[in-house]
Amino acid sequence: MNANRWIRWVWPAVPIAGALVVTSLLLFFFGAAPLEAFQAMYDGAFGDQAKTLSVLAFWVPLLLAGTGLLVTFKAGLWNIGIEGQIVMGAIAASWVALRMEAPSAVLITVEILAAMLAGALWAALSAVLKTRGNVHEIFSGLALNSIAIIFTNYLISGPWQPPEGGTFRGTAPFQPGALLPLYENSRFSPLSLLLAAIAFTLVVIALRGTFWGLKLKAIGQNLRSAFLLGVSSEREMILAMMLCGALAGLGGAVRTLSWFDSLRQSISGGIGFMALLVVMLANYRMFLVPPIALFFSAVLSGSITLQLRTQLHSSLGGILTELMVLFVLLFGDWKKLGVFRKKDDDG
């Protein structure tokens, strides 16, 4: 492995290290012990089996969303609407859970397929607005996010309100057979992890080993050149958005069928926006997305214990992750820093 390739893979650790240093300085400035704070966060994430399973439960939908974003970023698309796609997937899964009676295996299968279809169609709407209406996917995505959230609140307080009356807390609990099988009464479902692993593997194969992945790369790097080469940018953009939306919808189903047992307000938990930060921090490298997503999940879970043990606010975890993204924006492209000038032969 030559120097360029080595530094390319090691460089993503620079934003993490920089964020840790700055966070430590902030802690020291406010009179807190950095090592004690970081130890509290670690214990909060991996201190026992229950906490570790909670980290994994949050990691799975985050990984699904990040995996989908790898596809749209490859095509040069900023799928800001992924948050709404997660919500629509949760709504579709909830509709099946509330309305359908069937054996558990059949019910869960239909819920997952419905969630993926809903997420894909919601993403397709943003893609069509871009390709046919010349509406940038960032603006359409933000609008569709708001619509999805409003629709969720309407369902919870209206048609799907629990028997005791309307509330913004959530719908009535789903039937037990509609929920994903959980590990030892935790929020973690091994089935969801299996689905995420399959999805990630298929996306890696599609982007690195198929002609479709090559076409997405051509569109993302130079749309006009791809058009001149005969690549249908409209079709491929729509397909890329729909695939991302399907995985986001699956993440929404995982949230509502394992983390919760009903459709809740703010069901996505900000996972869509967080997945954008994960992929940016990974610098769009596929194999860095799972560990970075796991790191984000651990930091956010550990922040709760941080507040309880040290009296520091749990927002420290958010500060840490956002500092990482800031450092990515500043130092993410090592070539621009003039560290090495030799052409990277890894593509």
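Figures for the structure shown
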| read-out | value |
| --- | --- |
| Separation in nanometres of the label points that stand 7 Å from Cα toward Cβ, at Phe151 and Phe28 | 5.1 |
| Cα shape, region 13-159, gyration tensor, a/c 1.5 rule | oblate |
| Positive minus negative residues near Glu236 (Lys, Arg vs Asp, Glu; Cβ under 13 Å) | +4 |
| Exposure proxy order (Cβ contacts within 10 Å, fewest to most) of Glu83, Glu322 | Glu322, Glu83 |
| Added length on full extension, which subtracts the Cα-Cα distance from 0.36 nm per residue, Ser104 to Arg132 | 6.0 nm |
| Label point distance in nm, Ala13-Gln221, each placed 7 Å from Cα along Cα→Cβ | 2.9 |
| Added length on full extension, which subtracts the Cα-Cα distance from 0.36 nm per residue, Ala197 to Ala143 | 16.4 nm |
| Residues Thr23, Thr67, Thr201, Thr171 arranged by fewest to most Cβ contacts within 10 Å | Thr201, Thr23, Thr171, Thr67 |
| Residue order, fewest to most surrounding Cβ atoms within 10 angstrom, among Val128, Val60 | Val128, Val60 |
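Values quoted throughout were computed directly from the atomic coordinates according to the rules given, and no laboratory measurement underlies them. Note that the coordinates shown come from a computational prediction; the quantities given were computed from them, not determined experimentally. Counting neighbours? That spans all protein chains shown, and the Cβs are built from the backbone with ideal geometry, glycine included.
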